[in-house]
Structure formats: C-alpha cells, structure tokens
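Values quoted throughout were computed directly from the atomic coordinates according to the rules given, and no laboratory measurement underlies them. Please read all numbers here as calculations on a predicted model, not as lab measurements.
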Amino acid sequence: MMTMATIGVLLGFGFPGLPEMLVVGFLVLLLFGGKKLPSLMRNLGRSTNEFKRGMTETASEDEQTPSSDESN
C-alpha cells in the first residue's frame, strides 16, 4: 500500500517546507486581511474540533452496534 508520502515522492512533490508555508501564509494574509484573520482561524479551529468530535462519536457508535453480517 502506498502512502501519501510515497506518492508525493514518486510524483516529484515533497511536503511543503518553510518557504512554501511562508508564501501560503502571506497569500492568506493578503487575501483576508489582518482584521479577519483571527476570526477565520478561530472558526477553523472550531470546525476542526467539531469534526473530530463527530468522528469519535461515530467510531464509538460503530463499536457499540453489533455487526449485521449474516452469511447464508
């Protein structure tokens, strides 16, 4: 099974380094402005936490329900 890192190396793309991250950060600052950036990051954090909470709830529900794999 190929991981994303293996696929990236095969395609000639590596993980973004510091220069790439600085360029992305500069573009985000340029697009959204300094005043909207804190609220944007706050909302991103809340969305991430809500997504993680939903994933753990789904995983716990899957563990509690018996599997309905019936072989005839």
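Quick notes on this structure:
- Length released on extending from residue 37 to residue 51, taking residue separation times 0.36 nm less the Cα-Cα span: 2.9 nm
- Taken one residue at a time, the phi angles of segment 42-57 give Karplus couplings (6.51, -1.76, 1.60, θ = phi - 60°) of 4, 5, 5, x, 5, 5, 5, 5, 5, 5, 5, 4, x, 5, 5, 5 Hz. Gly and Pro are set to x.
- Shown in residue order for segment 23-31 are the 3J(HN,Hα) couplings computed by the Karplus curve 6.51 cos²θ - 1.76 cosθ + 1.60 at θ = phi - 60°: 5, 5, x, 5, 5, 5, 4, 5, 6 Hz (x for Gly and Pro).
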